[in-house]
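Engineer: Pasting in a structure now, in structure tokens, and then I'll have a few things to ask.
The values are calculated or read from the model by the stated rules, or taken from the named source; none is laboratory data. Predicted, not measured: the structure shown is a model, and the values here were computed from it. No Cβ is skipped: glycine too gets one built from the backbone with ideal geometry, and neighbour counts run over all protein chains shown. Side chains are part of the model used for accessible areas, which takes the heavy atoms of the whole protein and leaves out ligands, DNA and RNA. Shrake-Rupley method; radii C 1.70, N 1.55, O 1.52, S 1.80 Å.
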Amino acid sequence: MKRNIIICLICSLLLASNALAANPEGKIEVIARAGYSIGGTTPLGIPATIRSVDAFRPTASLMAGADVKLALKNNWGLMTGLHFENKGMDTEVTTKGYRMELVKGDSRIEGLFTGHVKQEVTEWMLTLPVLATYSLGEKVTLKAGPYISVLLDKDFSGIASDGYLRQGNPTGPRINMGDKEGEWATYDFSDEMRNVQMGIAVGADWNVTHHFGLAADLTWGLTGVFNSDFKTVEQTLYPIYFTLSAYWSF
């Protein structure tokens, strides 16, 4: 997977450089952006082992960065840049037979958990998008293409409480967990998260004035947040976020 990410990034950068070389007279625009994101890290489809989603609280997920837009022919263009952003959420779910690796007291236990799970996810990253653009007149520009993110800091941790864990398998020893500190168990999968993520971005820019505009963007991670050899969480979790931002062009 890392090899595929590197190949995709190299191809994207070659595309950008070739476009610039083929159209040296094209208009170049510098765009500064700042925005707020909402979304989550989720499987595609809720597995049967998650019986209900009891709470979802998006955390303050901010984005700031700059892009360079190159105008090509027939309303087409190319946009790339560098964004500093964070993505996060807090969730609470009720599970039944959900595979977990937990720490309770001084012991590390693994098995199938039934009960309440509280989860916190935070990712700080630098993101490089390489987007094709298409202008619908002077006001609206559509954009789409791949992105690659390098994580600077990451956290995937939480608490398992109000239930029990069957150690090893569905008929294994039962370990009860309460709803107070000292009675519950914790987990931390931060070290198992990918340091590099890749996905697809689509969106639109709307020029409110000549130098100011608003943007809406959707990013969908394709690689999942965990390393491919991490099997404790059985489902692949994808970061999917929607961002509203303001921008200033120069």
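Engineer: Rounding to the nearest 10 and keeping the result within 0 to 90°, find how far the Cα-based axis of helix 2-22 lies from the longest principal axis of the chain.
Structural biologist: 10
Engineer: Oh, and also: Compute the relative contact order of the chain as a whole-number percentage, counting only Cα pairs closer than 8 Å that sit 6 or more residues apart in sequence. Mind showing how you got there, number by number?
Structural biologist: On the way: 661 pairs, mean separation 50.5, N = 250.
Dividing the mean separation by the residue count of the chain yields 20 percent.
Engineer: At what distance in nm do the modelled label points of Trp206 and Ala55 sit from each other, each positioned 7 Å from its Cα along Cα→Cβ?
Structural biologist: 3.4
Engineer: Here is a further query. Rule-of-thumb check for the stretch 90-246: C-alpha Rg over 2.2 N^0.38 Å? Working shown, then result.
Structural biologist: Numbers: Rg = 20.7 Å, N = 157, 2.2 N^0.38 = 15.0 Å.
So the stretch 90-246 has a normalised radius of gyration of 1.38.
Engineer: Here's something else I'd like to know. Do any GluC sites (Glu not before Pro) in the stretch 148-250 lie in a loop, going by DSSP, with at most 15 other beta-carbon atoms within 10 Å of their beta carbon, and if so which?
Structural biologist: Glu181, Glu183, Glu234
Engineer: How much length is gained on full extension from Asp191 to Ala71, taking 0.36 nm per residue of separation minus their Cα-Cα distance?
Structural biologist: On the way: separation 120, 0.36 × 120 = 43.20 nm, distance 4.16 nm.
The span from Asp191 to Ala71 would gain 39.0 nm if fully extended.
Engineer: In addition: Among Asn176, Asn207, Asn74, which one shows the highest mean-square fluctuation when the chain is modelled as a Gaussian network with alpha-carbon springs under 10 Å?
Structural biologist: Taking springs between Cα atoms under 10 Å, the residue moving most is Asn74.
Engineer: Using a 7 Å offset from Cα along Cα-Cβ at Ile38, what residues in the stretch 49-64 end up with backbone N under 12 Å from the label point?
Structural biologist: Zone members listed by number: 57-61.
Engineer: Moving on. Which residue, Thr114, Thr219, Gly137, has the largest displacement toward the positive end of the dipole of the chain when charges sit on each Cβ (Lys, Arg +1; Asp, Glu -1)?
Structural biologist: Gly137
Engineer: Tell me which trypsin sites (Lys or Arg not before Pro) from the stretch 116-213 have a DSSP coil assignment and no more than 11 other beta carbons within 10 Å of their own. Write out the running numbers ahead of the final one.
Structural biologist: Numbers: sites: Lys118, Lys139, Lys143, Lys154, Arg166, Arg174, Lys180, Arg194; in loops: Lys139, Lys180, Arg194.
Those that pass, being in a loop and sparsely packed, are Lys139, Lys180.
Engineer: As a test of the formula, what do you get for the chain when each DSSP H run with n ≥ 4 contributes -39,500 (n - 2.57) and the sum is divided by the residue count, at 222 nm and rounded to the nearest 500 deg cm²/dmol? Intermediate results must be reported in sequence, preceding the final value.
Structural biologist: Numbers: 1 runs with 21 residues, N = 250.
That comes out to -3000 deg cm²/dmol.
Engineer: Roll a 1.4 Å probe over the protein heavy atoms and report the accessible area of Thr94 in Å², nearest 10.
Structural biologist: 50
Engineer: Mind checking the per residue accessible area of the chain for me, 1.4 Å probe, whole number of Å²? Provide the component values of the computation, followed by the final result.
Structural biologist: Working: 12960 Å² over 250 residues.
It amounts to 52 Å² per residue over the chain.
Engineer: Follow-up. Using the beta-carbon distance between Phe242 and Asp179 and R0 = 30 Å, what value does 1/(1 + (r/R0)^6) give for FRET efficiency, to the nearest 0.05? Don't skip to the answer; put the middle values down first.
Structural biologist: Values: r = 34 Å, r/R0 = 1.12.
Computed FRET efficiency for Phe242 and Asp179 comes out at 0.35.
Engineer: Could you pull out the GluC sites (Glu not before Pro) across the stretch 59-161 that fall in loop regions by DSSP (anything but H, G, I, E, B) with no more than 12 other Cβ atoms inside 10 Å? Each step should come with its number before you reach the end.
Structural biologist: On the way: sites: Glu85, Glu92, Glu101, Glu110, Glu120, Glu123, Glu138; in loops: Glu138.
Within the stretch 59-161, the qualifying GluC sites (Glu not before Pro) (loop, at most 12 other Cβ atoms within 10 Å) are Glu138.
Engineer: Take the alpha carbon atoms of the stretch 143-193, find their radius of gyration, then divide it by 2.2 N^0.38 Å using N residues; give the quotient. Kindly include the intermediate steps, with their values, before the conclusion.
Structural biologist: Working: Rg = 17.5 Å, N = 51, 2.2 N^0.38 = 9.8 Å.
Computed over Cα atoms of the stretch 143-193, the ratio equals 1.78.
Engineer: Over the stretch 147-217, with every protein chain in place, what whole percent of the accessible area is carbon and sulfur at 1.4 Å, could you tell me?
Structural biologist: 54
Engineer: Could you give the size of the charge dipole of the stretch 75-169 about its Cα centre, using +1 on the Cβ of each K and R and -1 on the Cβ of each D and E, expressed in debye and rounded to the nearest 20? Display every interim value, and only then the final one.
Structural biologist: On the way: 10 positive and 12 negative charges, 62 e Å.
Magnitude of the dipole: close to 300 debye.
Engineer: Just to check I understand the Karplus step: with θ = phi - 60° and J = 6.51 cos²θ - 1.76 cosθ + 1.60, what whole-Hz values come out for the stretch 172-183, glycine and proline as x?
Structural biologist: Values, residue by residue: x, x, 8, 10, 7, 9, x, 10, 10, 4, x, 9 Hz.
Engineer: For the chain, give the magnitude of the charge dipole about the Cα centre (Cβ charges: +1 Lys/Arg, -1 Asp/Glu; no others), in debye to the nearest 20. Walk me through the numbers on the way to the answer.
Structural biologist: On the way: 22 positive and 26 negative charges, 130 e Å.
Taking the Cα centre of the chain as origin, the dipole is about 620 debye.
Engineer: Still on this structure, I have one more. Restricting to Cα atoms and excluding each atom paired with itself, what does the Kirkwood estimate give for the stretch 163-250 in Å?
Structural biologist: Numbers: mean 1/r = 0.0579 Å⁻¹.
Mean inverse Cα-Cα distance, inverted, gives 17.3 Å.
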